[in-house]
Ligand SMILES: C[S@@+](CC[C@H](N)C(=O)[O-])C[C@H]1O[C@@H](n2cnc3c(N)ncnc32)[C@H](O)[C@@H]1O
């Protein structure tokens, strides 16, 4: 069993406490754009036949559900997340959806994925890798469970590149967002969000980490002026 660091335990407790308001705040704080970003990321999997997809740090299961709606019924999806409260809420959403027979969710950390080598055709992680304390270990685990030629798709917040837009965005992200988040949920969690985004490596450094664990053809696509970035790679 993987032993989380103190920081990992803190992050898990924070996600446990915001879980009940997580979906509502996602829609509110991103003005609904988060759905479009997830849709774009899932398209990058490009799985048309049968297969098995792993969604890491699945949270309340939005990406797992998006994968199910974009792929044929012969594709099955497994979602893992280390926060039991997220998995509980996600399981209710999955059960109430028309994809309940294709999606299973379970509690597990990214750093020790409880599946055999080469058991998935694709892996996704959306707004999750930023929170994984040992990112190299997490990326290496996703690489391990993929089949050869399997695809990884990572969606994560980024820092916009255009100067004026960057300033406006920073004002919203650093000053406005923590206040709205704090009004509906735990303030510290919505202060953690901008802090963790600013601390996340640059696009080039992060692609270097993906290459370091063995991914090939690593590319990125900026979304909405670079607020979010989709990284793709192949095993
Ligand atoms: C911002 S949420 C994203 C949830 C979902 N993927 C989405 O797009 O809405 C981050 C999720 O990552 C999970 N998480 C953070 N670190 C993790 C780790 N080391 N292993 C597994 N899950 C992790 C948290 O529990 C949380 O549910």
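Points to keep in mind about this one:
- Among the residues of region 207-229, those that are more than 16 Å from the ligand (Cβ to nearest atom) and not in a strand (DSSP E or B) comprise 207, 208, 210, 211, 212, 214, 215, 225, 226.
- Members of region 141-156 found to be more than 9 Å from the ligand (Cβ to nearest atom), surrounded by 17 or more Cβ atoms within 10 Å (Cβ to Cβ) and within 30 Å of residue 224 (Cα to Cα), listed by number: 141, 142, 143, 146, 150, 151, 152, 153, 154, 156
- The single condition from (1) within 20 Å of residue 34 (Cβ to Cβ); (2) away from the ligand (no atom under 11 Å from the Cβ); (3) in a loop (DSSP other than H, G, I, E, B) that residue 72 fails is (1).
- Residue satisfying all of: in region 104-128; in contact with a helix residue (DSSP H, G or I) (Cβ under 6 Å, 6 or more places away or on another chain), in contact (Cβ under 8 Å) with a residue 40 or more places away in the chain and not in a strand (DSSP E or B); nearest to the ligand (Cβ to nearest atom) among these: 110
- Residue match in region 157-172 (condition: surrounded by 14 or more Cβ atoms within 10 Å (Cβ to Cβ) and within 20 Å of residue 233 (Cβ to Cβ)): yes
- The set of residues in region 144-182 that are in contact with a helix residue (DSSP H, G or I) (Cβ under 8 Å, 6 or more places away or on another chain) and part of a strand (DSSP E or B) comprises 152, 153, 154, 155, 156, 157.
- Residue in region 83-99 that is within 14 Å of the ligand (Cβ to nearest atom), modelled with pLDDT of 95 or more and not in a helix (DSSP H, G or I) present: yes
- Conditions (1) at pLDDT below 95; (2) within 9 Å of the ligand (Cβ to nearest atom); (3) more than 19 Å from residue 177 (Cα to Cα): number failed by residue 46: (2)
- Set 51, 32, 8: member being at pLDDT 90 or above and away from the ligand (no atom under 11 Å from the Cβ): 51
- Of the candidates 16, 59, the single residue that is at positive phi and within 11 Å of the ligand (Cβ to nearest atom) is 59.
- Test set (1) surrounded by 19 or more Cβ atoms within 10 Å (Cβ to Cβ); (2) within 18 Å of residue 169 (Cβ to Cβ); (3) touching a residue at least 40 places away in the same chain (Cβ under 8 Å) - residue 193 fails condition number: (3)
- Filtered residues of region 177-190 (kept if within 17 Å of residue 131 (Cα to Cα) and surrounded by 19 or more Cβ atoms within 10 Å (Cβ to Cβ)): 189, 190
The values are calculated or read from the model by the stated rules, or taken from the named source; none is laboratory data. These numbers were taken from a predicted model, which means no experiment stands behind them. Using ideal geometry, Cβ is built from the backbone for each residue, glycine included, and neighbour counts are taken over all protein chains shown.
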